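Every number in this text was worked out from the coordinates using simple rules, so none of it is lab data. Treat the numbers as computed from the prediction; the structure is a model and nothing was measured. Cβ placement follows ideal geometry from the backbone for every residue including glycine, while neighbour counts extend to all protein chains displayed.
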Amino acid sequence: MIIKPTPLKDCYIIEPTLFEDERGYFYEKFNEKKFEELTGLNGHFVQDNISKSSYGVLRGIHLQKGDHAQAKLVSCLEGKVFDVAVDLRKDSPTFGKWFGAELSSENKFQFYIPRGFGHGFSVLSETAVFAYKCDNYYNQESEGGVLWNDPELQIDWKLPAEAVILSEKDKNLPKFSERNF
């Protein structure tokens, strides 16, 4: 496992060590002990979620607030997505900054996003199956978020705007300047 820092404080891309032969491949998807040794961060997860989406679907930018904040380890099991984290920690040196990475079934990369970040992804392939490992349980009353196309953030989702498919909830998230986080 190779852990690479991103420009955002405490966010990491995790690249697996792949073992391949004529039968296929094997890799260790996550090892809590190695993760903690390499990052100094807690890597204990309590909930796994899976979503399937079609091309153009954009999910986000979401977060859980307060006592229900969640760190996430995300990956794309099938297809390809552009995954984005936005630092919403007011005391962070990277507050208001975002970073995105392509995650796919081909590269098998994972993206670690700590508590206090907004998260979203856009689907770049025909379909995508996306996995989320969370270190805290979901709580509907603690939902927060930021509008996907907020002009202050200027996120490039790697999709033409006319191709973006949003849920009603995501269409109505507040702007970054309205800070509900």
Options GLY100, GLY144, GLY120: the member that is over 20 Å from LYS52 (Cα atoms) and not acidic (Asp, Glu): GLY144
Selection count, region 69-83, where residues are assigned to a loop (DSSP other than H, G, I, E, B), under 13 Å from the mean Cα position of the chain (by Cα) and surrounded by fewer than 24 Cβ atoms within 10 Å (Cβ to Cβ): 1
Residue in region 167-180 that is buried (at least 19 other Cβ atoms within 10 Å of the Cβ) and part of a strand (DSSP E or B) present: no
Of all residues in region 48-68 being in contact with a Phe, Trp or Tyr (Cβ under 9 Å, 6 or more places away or on another chain), more than 21 Å from VAL81 (Cα to Cα) and not charged (D, E, K, R), the one that is surrounded by the most Cβ atoms within 10 Å (Cβ to Cβ): GLN64
Condition met for TYR27 (within 20 Å of SER92 (Cα to Cα) and of a type in the set (Phe, Trp, Tyr)): no
Residues within region 5-41 that are of a type in the set (Asp, Glu) and assigned to a helix (DSSP H, G or I), tallied: 3
Every residue from region 42-55 that is among the aliphatic types (A, V, I, L, M) and outside any loop (DSSP other than H, G, I, E, B): ILE50
Filtered residue count, region 123-163, keeping only those that are β-branched (Val, Ile, Thr) and more than 19 Å from ALA101 (Cβ to Cβ): 1
Test result for LYS90, under 14 Å from GLY116 (Cα atoms), touching a Cys at 6+ places or on another chain (Cβ under 7 Å) and basic (Lys, Arg): no
Sole exception among (1) surrounded by 13 or more Cβ atoms within 10 Å (Cβ to Cβ); (2) in contact with an Asp or Glu (Cβ under 6 Å, 6 or more places away or on another chain) for ASP10, by number: (2)
Enumeration of residues in region 150-161 that are within 13 Å of SER122 (Cα to Cα) and surrounded by fewer than 17 Cβ atoms within 10 Å (Cβ to Cβ): ASP156, LYS158, PRO160, ALA161
